[in-house]
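Any read-out appearing in this document is the output of simple, stated calculations on the displayed coordinates, not a laboratory observation. Treat the numbers as computed from the prediction; the structure is a model and nothing was measured. Neighbour counts run over all protein chains shown; Cβ positions are idealised from the backbone, glycine included.
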Amino acid sequence: MFRTLYGKLAAVLMVVFITIGAMMILASQKMLETQRLLELATDLIIGTVAFSLLAALIVFRLLTIRLRILSESIDAFRAGGFSHPVQLMSSEPPLDEIDRLSAAFQEMSERIVTQLAQLSQVDQQRRELLANVSHDLRTPLASMQGYLEMLLIRSDALSAEERDRYLQVAAKHCERLGKLVQDLFDLTKLEAREVQPQIEAFPLAELAQDVVQKFALAAQKRELALIARCRADCPPVRADIGMIERVLENLIENAMRYTPAGGEICVDVAPAGERVELKVRDTGKGIGDDELQDVFNRYYRVDRGEFGNTGNAGLGLAISRRIVELHGGEIRVESELGRGTTFTVDLAPA
Ligand SMILES: Nc1ncnc2c1ncn2[C@@H]1O[C@H](COP(=O)(O)OP(=O)(O)OP(=O)(O)O)[C@@H](O)[C@H]1O
Ligand SMILES: [Mg+2]
């Protein structure tokens, strides 16, 4: 009964009426005893009115004091720019409607604060992304522009070889720009889940051998041993062949880029419990423990600070991780500085 404002009001009114009733009974007895009818009747009326007013005031104050606290908290929340959730004292479980209102408002304010914080984090990431994208686009664009302008302005003074070399450099920057734009476009689509893998069963070991073959010449030029080691009993996998080829290419490209001449890169495909595992191991420079999980973040490059713009955007592993996740798989990295790195991808068998 006392869990609603209505119940509380009814209880207070009951107390008031019982008290007034008792006063009237006492007064009537006195009236009969003393015959001071008029005087006593006046006292009774004044007393009843005064008591009723006092009771009404007390009830009104009791009801409004918590509403006032609530309204002041809402004003403070607004004045503070919605940055801190309000702290309201409400009983648990709630005793009446005001308690429920306070609890609901507190929860609402906490949610508003969390969502505003998330929005500002997303905004911050968007700014960083824009800054990184414009920086990475500007560099090859500026080089390309420089070489092309030189060709236009000094065309007559340049030898045929020089002209050829300038054109080749401009074309290389153009290609880099194209790859960067394409990677960004692909990553955005993967993150928005706008592309769905075309799942089919295929032998991962064969794909690994084909990709390794594709990189054989480049590896030879860099004096790297590139080997595919695939177990014969490996079952086929269920995946999008084009997407997995891209992951494999990204991992081999990285391994070749970060392994010095004389090193070894090994691509393993083998069953692992219920899954099929693909490993790309290298004997390269390795990645420090504190950077290990960050390498999958888009735009993360361990050497960004040390060597400035190396021409790589830092998107390859972010794209690879999204692809593997779309397949319900996992991509992991283990590394030791100076000794090498191993990336492991696990996929579902067919
Ligand atoms: N095998 C590896 N050995 C050492 N460091 C690696 C290896 N693979 C990746 N890294 C580190 O992780 C970073 C992120 O790799 P990721 O493939 O995402 O970008 P990237 O190769 O720099 O550029 P992109 O792939 O977009 O051309 C690299 O810049 C490099 O510092
Ligand atoms: Mg890469």
Tell me whether the range 127-191 comes out rounded, prolate or oblate; compute the Cα gyration tensor, take square roots of the eigenvalues as a ≥ b ≥ c, and use a/c under 1.5 as the rounded threshold. prolate
Calculated over the range 200-347: convex hull of Cα atoms, volume per residue (Å³): 109
Could I have the simple spin-label model distance between LYS179 and LEU38, label points 7 Å from Cα toward Cβ, reported in nm to one decimal? 11.4
In the chain, if the dipole is taken from +1 on Lys/Arg beta carbons and -1 on Asp/Glu beta carbons about the Cα centre, which of GLN209, LEU180, VAL133 is farthest to the positive end? VAL133
Which value, in debye to the nearest 20, gives the size of the charge dipole of the chain about its Cα centre, when Lys and Arg are +1 and Asp and Glu are -1 at the Cβ? 720
How much mean residue ellipticity at 222 nm does the chain get from its helices, if each DSSP H run of length 4 or more adds -39500 (n - 2.57) and you divide by all residues, to the nearest 500 deg cm²/dmol? -21500 deg cm²/dmol
Based on the alpha-carbon gyration tensor of the range 13-91 and its eigenvalue square roots a ≥ b ≥ c, which shape applies: rounded if a/c is under 1.5, prolate if not and a/b is larger than b/c, or oblate? prolate
Using the Karplus equation 6.51 cos²θ - 1.76 cosθ + 1.60 (θ = phi - 60°), what ³J(HN,Hα) coupling, rounded to whole Hz, does each residue of the range 67-73 give in order, writing x for Gly and Pro? 5, 5, 4, 4, 5, 5, 5
Got a sec? Charge dipole of the chain, +1 on Cβ for Lys and Arg, -1 for Asp and Glu; which of GLY328, ILE20, SER102 is way out at the positive end? ILE20
Greater than 24 Å apart at Cα, pairs in LYS172/LYS221; LYS189/LYS279; LYS8/LYS30; LYS179/LYS214; LYS179/LYS221; LYS214/LYS279: LYS189/LYS279; LYS8/LYS30
Could you work out the relative contact order of the chain, using alpha carbon pairs under 8 angstrom and six or more residues apart, expressed as a whole percent? 12
Estimated dipole of the range 199-299 in Debye, rounded to 20 [Cβ of Lys and Arg +1, of Asp and Glu -1, Cα centre]: 260
Assigning unit charges at the beta carbon (Lys, Arg +1; Asp, Glu -1) and nothing else, what dipole magnitude in debye, to the nearest 20, does the range 139-263 show about its Cα centre? 260
Please report, for the Cα atoms of the chain, the Rg to one decimal and the Dmax as a whole number; what are they, in angstrom? 38.8, 136
Would you calculate the separation in nanometres between label points at MET89 and ILE58, each defined as 7 Å from the Cα along the Cα-to-beta-carbon direction? 2.0
